[in-house]
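Below is one structure, written out as structure tokens; comments come after it.
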Amino acid sequence: MSNQRVVITGTGVVSAIGLDLRQTLDALQKGASGIGRVRLLDTVHTEFPVGEVGLSNEQLRQRLQIEGDTLISRNSLLGIMAAREAITQAGIDQERHNVQTALVCGTTVGGMDLTEQYYPDRLSAEVLRRHGCGDSTEQIAKHTGGFDFTATVSTACSAALNAIILGKRLVESGQYDIVVAGGMESLTRFHLNGFKSLMILDEQPCRPFDANRHGLNLGEGAAFIVIETEEHALQRGATPLVVIEGAANACDAYHQTASSPDGEGAYRAMTEALSEAHLMPCHIDYVNAHGTATPDNDAAESAALRRVFGDKMPPVSSTKSFTGHTTSASGAIETVFSILALQHQFIPQNLGWQHPDEACIIPYSGNDGNDDRLPLRHVLCNAFGFGGNDSAVVLGRSIEKGPENPENPECPESLAADDRHVYVVAEVKEVAEAEYREYLNPMKTRRYGRLLRRALVTALKAIRESGIDQPDAIINGTALGCISNTEQMLDALHTEGESASMPTCFMQSTHNTVASLIAIHTGNHGYNSTYSHGEKSFECAMLDAILQIKSGKIRSALVCANDELTDSLRDKITQCGLQPDALSDRSWALMLSAEPKRGHGARGRGQEITPQTAY
């Protein structure tokens with residue numbers, strides 16, 4: 001792995017507070033929120049404020065010069081808009097044919113706006129193709145000039161920040177010269193009604209960390225950054241904007257939707273990001289918090305922040321009070337906000353806060369652009385998702401150099417990068433149902449769907465056969481996740497309208513349900529990620545695991561492939577003349593390790609693999 005600094009040379013953003021960087025910066029500095037009444041989303045639930053991007057799909061098409069008869073999701077349109085701005089600012093429009101480039105996106109909604117529009121009777125082959133998360137990524141690649149590699153991370157509300165973490169890793173490893181990474185998410189009825197069923201939406205503008213907070217406001221948008229090594233940037237004459245000093249992901253391993261009271265996953269993500277950055281907590285000048293304004297999240301994040309910073313808390317604010325919670329895009333949007341704060345030396349306000357809560361930190365709510373807590377040198381940005389998928393990134397001004405190897409007993413030591421081999425030490429495919437009782441308690445798992453039970457048993461058997469009690473990472477690849485839950489919720493919305501309430505289906509429809517369930521079931525707090533990019537999903541998961549093991553970051557990883565093909569979806573695919581490709585009933589789990597399993601030489605018990613031979 002390269003020891004060079006990894007820098008950001010381009011940014012692009014679109015959200016409720018601006019269609020580009022200039023508008024966004026102006027709103028952040030003025031404290032102007034974009035949250036308001038629903039105007040564009042076709043929903044009966046106008047009682048909930050949202051952070052909408054102020055352009056219709058037709059207006060977005062015109063702005064992007066995309067023909068009106070092109071079937072394309074709002075998700076893709078928002079992503080194209082932000083990615084183009086980042087690519088233009090970085091000056092790589094004309095350079096990508098000379099270098100290896102990758103595009104990594106984070107999203108959960110995918111083409112859901114099209115699916116719910118045509119569901120169930122008017123689904124065509126083209127609509128079905130647009131549904132998957134990976135198609136949104138491919139549409140961005142198509143309309144921004146193409147890339148050598150594309151991947152899609154789908155870890156709910158931490159997805160875009162996890163895409164940035166993978167982008168950093170791809171550049172550090174030398175796999176790619178330039179990575180465009182970020183995420184996008186559009187508002188849909190599925191999305192809005194899912195969060196409504198969890199009873200965490202507020203009918204007033206959200207108030208993160210306030211004692212009277214009642215829930216979140218949903219938002220939409222997209223943001224992308226251009227990542228490369230400092231040496232590569234300078235060689236091509238680009239100006240580094242900021243340095244990605246450290247980044248980490250950890251799992252709360254507590255609950256599919258609720259945060260643990262002590263914020264264990266958030267604490268681990270922040271401390272590991274600080275450790276990778278070679279910084280102590282006292283070096284952080286500002287924290288852009290996840291801060292959703294839900295009672296549990298804000299209290300848990302506050303507990304984690306207090307564990308990290310003690311009584312020396314830096315200024316903290318949640319910019320979701322500007323944009324609403326943009327879910328899968330939030331980590332990228334708020335990374336761009338953090339970059340703007342570093343570049344222009346200001347601290348974004350925590351709008352709406354008035355009443356202190358003993359369970360929460362007191363956020364920064366001032367509006368003085370010349371705050372005495374400036375200058376900002378190092379900023380921490382958090383993004384937390386369903387399943388306890390918690391991520392953090394540390395950004396620094398490009399002119400700053402962090403202290404070398406500071407004493408910091410709070411930060412775990414990185415594993416030595418002295419072993420560059422990767423071996424498959426266990427491989428399990430399709431466990432017979434007769435074996436399930438050996439791994440699962442039927443009473444505890446009766447609420448799990450068929451795919452969840454099958455995936456969990458396959459993973460547990462692979463862990464047992466590997467002899468590794470606790471893998472350092474759990475990474476899943478899935479084309480559509482628990483599609484049966486998605487279909488049940490779509491059916492309910494179609495037959496019952498927006499009065500339907502199916503919290504379990506919504507929760508399990510998120511693509512990272514499998515990976516988080518494995519972590520919760522095994523108490524695993526390590527790195528946790530999910531890739532959802534059609535038939536490339538498992539390939540992306542394997543690449544991530546192999547790069548981490550080869551870098552010395554981890555020594556073992558459980559890598560899974562899990563999908564289901566429902567009868568109704570199979571019929572729709574057949575009627576449309578499509579091939580199911582990689583989508584089928586399957587569960588496959590491999591344990592990768594930096595050390596071969598002694599006494600075995602066959603594949604699945606000790607064969608060395610590389611990114612080129614893994615799939």
So for segment 179-224, using the alpha carbon gyration tensor with a ≥ b ≥ c as root eigenvalues (a/c under 1.5 gives rounded; past that, a/b versus b/c decides prolate or oblate), I'd call it oblate
Rounded to 0.05, the calculated FRET efficiency for the beta carbons of Arg437 and Gln470 at R₀ = 30 Å is 0.85
Between Val242 and residues 5 or more places away or on another chain, the pairs with built amide H atoms under 5 Å apart involve Ile8
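Hey, can you find the accessible area per residue of the chain for me, probe 1.4 Å, expressed in square angstrom? Could you put the intermediate results ahead of the total?
On the way: 22340 Å² over 615 residues.
The answer is 36 Å² per residue.
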For 150-161, 233-244, ranked highest to lowest by mean beta-carbon neighbours within 10 Å, the order is 150-161, 233-244
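Which percent of the accessible area of segment 52-175 is formed by carbon and sulfur heavy atoms (probe 1.4 angstrom)?
Reported share for carbon and sulfur atoms: 40 percent.
Which of the peptides 41-50, 280-289 is most tightly packed, and how do the rest follow, judged by the mean count of other Cβ atoms within 10 Å per residue?
280-289, 41-50
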Neighbours of Ser509 by Cβ distance under 13 Å: Lys/Arg at +1, Asp/Glu at -1, summed charge -4
Calculating Rg and Dmax of the Cα atoms in Å from this structure picks out, from [x] 32.4, 108; [y] 22.4, 67; [z] 25.5, 80, entry [y]
Taking a straight Cα-to-Cα line shorter than 13 Å from Lys597, and setting aside same-chain aspartates and glutamates fewer than 8 residues away, one finds Glu427, Glu465, Glu608
Expressed in angstrom, Rg and Dmax over the Cα atoms of segment 13-143 are 16.2, 51
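If packing is taken as the average number of other Cβ atoms within 10 Å across a peptide's residues, how do 101-109, 325-333 rank, most packed first? Display every interim value, and only then the final one.
Values: 101-109: 30.0, 325-333: 33.8.
Highest mean packing first, the order is 325-333, 101-109.
Report, to the nearest whole %, how much of the accessible area of segment 512-573 belongs to carbon and sulfur atoms, 1.4 Å probe, protein only.
Carbon-and-sulfur percentage of accessible area, whole number: 51.
The values are calculated or read from the model by the stated rules, or taken from the named source; none is laboratory data. Since the model is a prediction, treat every value here as computed from it, not as a measurement. A quick note on method: Cβ atoms are made from the backbone with ideal geometry, for glycine too, and the neighbour counts reach across all protein chains shown. Please note that ligands, DNA and RNA were not included when accessible areas were found on the heavy atoms of the full protein model with its side chains. Shrake-Rupley method; radii C 1.70, N 1.55, O 1.52, S 1.80 Å.
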